[in-house]
Amino acid sequence: MSNLPAALIHSLKDVRGFDERLFIEVHHDDTQITSIRLNPAKPVSVSELPVESVIPWCANGRYLSERPSFTLDPTFHGGAYYVQEASSMFLDQIIKQLYKHDDEPKRVLDVCAAPGGKSTLLAAALPDSFIVSNEVIKTRVTVLAENISKWGSSNVVVTNNDPKDFKRLPGYFDLIMIDAPCSGSGLFRKDADAISEWSGANVQLCSMRQQRILTDTIGSLRQNGYLIYSTCSYSKEENEEVCDWIIDQFQVIPVDIKIDPSWGIVETKSLKHQVPGYRFYPYKLKGEGFFIACFHQRNPVDQYYPHYKPASSILKQEKTIIERWIDLPDQYVFNKQQELIVAFPAKWHEEISEVSKSLAIRKSGVAVGSIKGADLVPHHELALSNILTSNIPFAELNKEQSLQYLRRQDLLLDTKLKGWALAQYQGINLGWMKVLPNRVNNYYPVNWRILKS
Ligand code: SAM
């Protein structure tokens, strides 16, 4: 590991929980922490993974004793879990504490969402909510949409907007998550290049960008809504000082989050307004550097006034065809985007209609498929989604067959199935195949196929 920036160490000297010797030592320790978060909607035996223990602040989080080849684990491709850094799973704890006595569905915005760690966590923690998962950088939206598809939640909309576009939705969201782009010192142990790229000037630049993202989006928070702000930087200029700036600029109040002392998380207070922030140091807990803080919007704010118009729906006979494939079809609305039929939870139909007027939607709900003659050609997203009915024919593949399937190779199956069927591994859907009299056609998406041998 290259030398840690002296200017960073110097700037952290008076920060609570910082210990120079331990900080340097832990950055020279090569131990890599690997952690995953299980998908509660796709319970699977993870006995093939080297699971070591539960992450104390996230019931679905697991530490692994070593990093397996996720690429060669079919359940990873089926969305049974998400590989995520352990400290950042503390968001789950915050959601549980904020909404302990309130299970009302929420409108949620994840402003800086790619590749999807926080969004998939939010989708699992708030399964009845409407989640807008946004990413400004176009090239990163593809991987975000792919990870959301694999996770299988139908209530997520992926958008590709600049934070300033959210000014069109004043007072609209109950919860806004800003996992801000930052100088990245918290990930030095995982990414040695970040050390050489670090500079005090970049910390200042990041701090200004963070303030800009907050200024652009905070007006979308409704009265009684919560703002959660996080970074993977140790610098107070991006953490506590941004929290002080938030209190100076906006009429929000800080929220205390309860932490168990055994977790090793350090609570800091910002200098000016004593805003509680939660710091994660890798020498105090099993996780990387992370900071998170939470705010409550208690004041009345300008509200967004909906001007809802029903979107054009699908034909009755098309609906009859697709209903056979969907669990509780009456709970969804189906719309057509050219040939493709997309399902979205009916209770959020108005919302999707509204936000589509203000935002560039890249994916919404679940792509069900397209109608050819009297049949549905099912879409890959439907196979991975939580809306698929359970009585679809399937073939349980062994690991070797699953990997052949995920490589999009030809499959030789001894099966009595006919027509469309699910390829499954350990009960997790991997995708579609079509069983013909003399062969099995593999419908795994070309762009997603495993190339690694
Ligand atoms: N929340 C993600 C997760 O948990 O997987 C990680 C987000 S990462 C820390 C920050 C994200 O902010 C990146 O996806 C990056 O592309 C995006 N970003 C970069 N510049 C931005 C800007 N000016 N405004 C908004 N987002 C930006």
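In sequence order, segment 82-87 has phi-based couplings of 10, 7, 9, 5, 5, 4 Hz under the Karplus curve 6.51 cos²θ - 1.76 cosθ + 1.60, θ = phi - 60°, and Gly or Pro positions carry x. Summing Cβ point charges (Lys, Arg +1; Asp, Glu -1) relative to the Cα centre of the chain gives a dipole of roughly 1100 debye. Taken along its principal axes, the alpha carbon cloud of the chain reaches lengths of 72, 52, 37 Å, longest axis first. Check each of the chymotrypsin sites (Phe, Trp or Tyr not before Pro) in segment 307-370 and keep only those in coil by DSSP with at most 14 other C-beta atoms within 10 angstrom; list them in order. Passing sites in segment 307-370 are 308. For residue 116, nonlocal amide neighbours, meaning residues 5 or more places apart or on other chains whose placed amide H falls under 5 Å from its own, do not occur. The orientation-averaged projected area of the convex hull spanned by the Cα atoms of segment 138-248 comes to 8.3 nm².
Between 450, 120, 64, the Cα set farthest toward the positive side of the dipole of the chain (charges on each charged residue's Cβ, about the Cα centre) is that of 450.
3J(HN,Hα) along segment 103-112: 10, 4, x, 10, 9, 10, 10, 10, 6, 10 Hz, from the Karplus curve 6.51 cos²θ - 1.76 cosθ + 1.60 with θ = phi - 60°, whole Hz, x for Gly and Pro. What you get for segment 354-453, charging only the Cβ of Lys and Arg (+1) and of Asp and Glu (-1), is a dipole of about 280 debye around the Cα centre.
So which GluC sites (Glu not before Pro) in segment 35-98 pass both tests, a DSSP loop state and at most 13 other Cβ atoms within 10 Å of the Cβ?
Values: sites: 48, 52, 66, 85; in loops: 48, 66, 85.
Those that pass, being in a loop and sparsely packed, are 48, 66.
Segment 205-231 and segment 344-379 have their alpha-carbon centroids 29 Å apart. Nonpolar atom fraction for segment 343-453, defined as the carbon and sulfur part of the 1.4 Å probe accessible area, stands at 48 percent.
So in segment 49-198, what percent of DSSP beta bridges are antiparallel if you round to the nearest 5? Percent antiparallel among DSSP bridges in segment 49-198 is about 20. Rounded to the nearest angstrom and listed largest first, the equivalent-ellipsoid semi-axes of segment 1-146 from its Cα gyration tensor are 29, 22, 17. Placing +1 on the Cβ of every Lys and Arg and -1 on the Cβ of every Asp and Glu, with no other charges, gives segment 7-137 a dipole of roughly 320 debye about its Cα centre. With the alpha-carbon atoms of segment 342-453 aligned to their principal axes, the span from lowest to highest coordinate is 49, 35, 25 Å, starting with the largest. Of all DSSP bridge pairs formed entirely within the chain, close to 75 percent run antiparallel.
In segment 216-338, the inverse of the mean reciprocal separation of distinct Cα atoms equals 18.3 Å; this is its Kirkwood hydrodynamic radius.
Hydrophobic, long helices, defined as DSSP H runs whose alpha-carbon span along the helix axis is 24 Å or greater and whose mean Kyte-Doolittle value is at least -0.5, occur in the chain at 200-217.
Give the longest segment of the chain that steers clear of trypsin sites (Lys or Arg not before Pro) in DSSP loops with at most 15 neighbouring Cβ atoms within 10 Å, not counting the sites themselves. Intermediate results must be reported in sequence, preceding the final value.
On the way: sites that count: 13, 16, 100, 190, 258, 272, 298, 324, 407, 416, 418, 439, 449, 452.
Counting at most 15 other Cβ atoms within 10 Å as exposed, the longest clean stretch of the chain is 101-189.
For segment 271-417, the C-alpha radius of gyration sits at 1.56 times the compact-globule guess of 2.2 N^0.38 Å, with N the residue count.
The H on the amide N of residue 130, modeled in the peptide plane, is under 5 Å from the matching H of 106, 107, 108, each at least 5 residues off or on a different chain. In order along segment 379-392, the phi-based Karplus estimate (6.51 cos²θ - 1.76 cosθ + 1.60, θ = phi - 60°) of 3J(HN,Hα) comes to 8, 4, 4, 5, 4, 8, 8, 8, 9, 5, 5, 7, 9, 7 Hz; Gly and Pro are listed as x.
For the chain, the solvent-accessible area works out to 45 Å² per residue, with a probe of 1.4 Å and every protein chain left in place.
Leaving out ligands, DNA and RNA, and with a 1.4 Å probe, what % of the accessible surface on segment 40-183 is carbon or sulfur? All intermediate terms of the calculation are to be shown ahead of the outcome.
Working: 2500 of 4900 Å².
It is 51 percent, rounded to a whole number.
Between residue 415 and residue 274, the modelled labels are 6.4 nm apart [label points 7 Å from Cα along Cα→Cβ].
Can you tell me the FRET efficiency between residue 327 and residue 216 if r is taken as the Cβ-Cβ distance and R0 is 51 Å, rounded to the nearest 0.05?
Details: r = 38 Å, r/R0 = 0.75.
Computed FRET efficiency for residue 327 and residue 216: 0.85.
The values are calculated or read from the model by the stated rules, or taken from the named source; none is laboratory data. Since this is a predicted model, take the numbers as computed values, not measurements. Heads up, the Cβs are rebuilt from the backbone with ideal geometry, glycines too, and the neighbour counts pull from every protein chain shown. What goes into the accessible areas is simple: the full protein's heavy atoms, side chains included, and nothing from ligands, DNA or RNA. Shrake-Rupley method; radii C 1.70, N 1.55, O 1.52, S 1.80 Å.
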